[in-house]
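Taking it in order: structure first as structure tokens, then the write-up.
Where a number appears in this text, it was derived from the coordinates with a stated rule and is not lab data. Every value quoted in this text rests on a predicted model; they were computed, and no experiment measured them. No Cβ is skipped: glycine too gets one built from the backbone with ideal geometry, and neighbour counts run over all protein chains shown.
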Amino acid sequence: MNKTIEVNYSKSTGQSATWRDYYELTKPKVISLLLLTALVGMCLATETWVSWQILIAGLGGIGLLSSAAAVINHVVDRNIDRKMARTFNRPVTKGKISPKRALIFALVLGVAGYICLELWVNRLTAVLTLASLVGYAVVYTMYLKRATPQNIVIGGLAGAAPPLLGWTAVTGEIHPYALLLVLIVFTWTPPHFWALAIHRVKDYAKAEIPMLPVTHGVEFTKTSVLLYTLLLTIVCLLPYLTGMSGVIYLVSSLILNAGFMYYAWKLKFAGDETTPMKTFGFSIFHLMILFVALLVDHYFKFSL
């Protein structure tokens, strides 16, 4: 079987690949959301405007290293991806790009990203971003994902790091407010991902990945989504309660979390087959608008 796969790769290595295939390897939609949270971390770290050098080099370096982690994920998970409807068309899985070429691409992205942060931002941000790459591409993808139903909870820390990276890019230090932003994303990740896992439970079971709905059942996972969403609602109050943000953020947070709670409650008690993906979709909207609200609130106070 492995020899057959390698033959297929050798026949199609790079021949049918386009720039769009390499672009797809970087998971651009995911990276865009990560960069938004990093941007907010940058802006909240200073009462003045972020310098263009830090803004461009910081977001560029964080984006490149995050993209490298995404490419490695494609390579490591290629055998799993073949068994799942959501992922079987990915470039490495389909043989459009060989694992070797994909890893070279990841290496180029990673080295470029680290150099960018090391030379034009600061070493702390470069090291923390590299650590996030290792956390996602190695610790989560290679081990946790296959080892425990709490994979997304523990591994979610790597995906929650961008606000901290944005903050350290501006200040060169770790601040409690930056860790609070990390906590928000960290708490948001399980209900966000478990909603998708409920929708794709048969795929994960077929691929023998111990996601929570596979190991503990869909109903238990729905309960977990509801409880984590409640916890997220409480955590999202902390920026206001600690004086980090003001009324604009507070009102936005309450509305957004009420919406998330509505979907989580419906998922548990009154859902249909479309509810998991609607919950998943709203969770993305929730995080995006929540961080935009943090930004608007910050600059509204700044303008006063």
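With the simple model of a label 7 Å out from the Cα in the direction of the Cβ, V296 to N89 spans 3.5 nm. Extending 7 Å from the Cα toward the beta-carbon at both I104 and F285 defines two label points whose distance is 4.4 nm.
Protection proxy ranking of 70-76, 234-240, by the mean of other Cβ atoms within 10 Å over each peptide's residues and highest first, is 70-76, 234-240.
Select from the range 120-225 those GluC sites (Glu not before Pro) which occupy a DSSP coil region and have at most 12 other Cβ atoms within 10 Å, ordered by residue number. Please report the intermediate quantities before stating the final value.
Working: sites: E173, E208, E219; in loops: E173, E208.
When the GluC sites (Glu not before Pro) of the range 120-225 are filtered for loop state and at most 12 Cβ neighbours within 10 Å, E173, E208 remain.
The aspartates and glutamates within cross-link reach of K206, meaning a Cα-to-Cα straight distance under 16 Å and a gap of 8 or more places when in the same chain, are D77, D81. With the simple spin-label model, which puts each label point 7 Å out from Cα in the Cβ direction, the Y143 to H216 separation comes to 2.2 nm. A Cβ-based charge dipole, computed about the Cα centre of the range 175-304 with Lys and Arg at +1 and Asp and Glu at -1, lands at about 60 debye. For the range 119-233, with the dipole built from +1 on Lys and Arg beta-carbon atoms and -1 on Asp and Glu ones, taken about the Cα centre, which of L144, P191, L128 lies farthest toward the positive end? Projecting each Cα onto the dipole axis, the largest value belongs to L144. With unit charges on the beta carbons (Lys and Arg positive, Asp and Glu negative) and the dipole taken about the Cα centre of the chain, which residue among A102, A258, L117 sits farthest to the positive side? Positive-most Cα among the choices belongs to A102.
Taking all pairs of distinct Cα atoms, average 1/r, flip it, and tell me the Kirkwood hydrodynamic radius of the range 1-173 in Å to one decimal place.
Details: mean 1/r = 0.0599 Å⁻¹.
It is 16.7 Å.
In percent, rounded to a whole number, the relative contact order of the chain is 19, using alpha-carbon pairs under 8 Å and six or more apart.
Write out the chymotrypsin sites (Phe, Trp or Tyr not before Pro) in the range 41-129 meeting two conditions: DSSP loop, and at most 16 other Cβ atoms within 10 Å of their Cβ. If you can, show how the numbers build up before the last one.
Details: sites: W49, W52, F88, F105, Y114, W120; in loops: W49, F88.
Counting only loop positions with at most 16 other Cβ atoms within 10 Å, the chymotrypsin sites (Phe, Trp or Tyr not before Pro) in the range 41-129 are W49, F88.
If you wrap the tightest convex hull around every Cα atom of the chain and split its volume per residue, you get 121 Å³. Using the alpha-carbon centroid of each, what span in Å lies between the range 237-304 and the range 169-191? Centre-to-centre (Cα) distance: 16 Å.
For the listed residue pairs K29/K202; K29/K94; K83/K268; K27/K268, the alpha carbons are over 22 angstrom apart in K29/K202; K83/K268; K27/K268.
Each Lys and Arg adds +1 at its Cβ and each Asp and Glu adds -1 at its Cβ; summed about the Cα centre, the chain shows a dipole of about 1100 debye.
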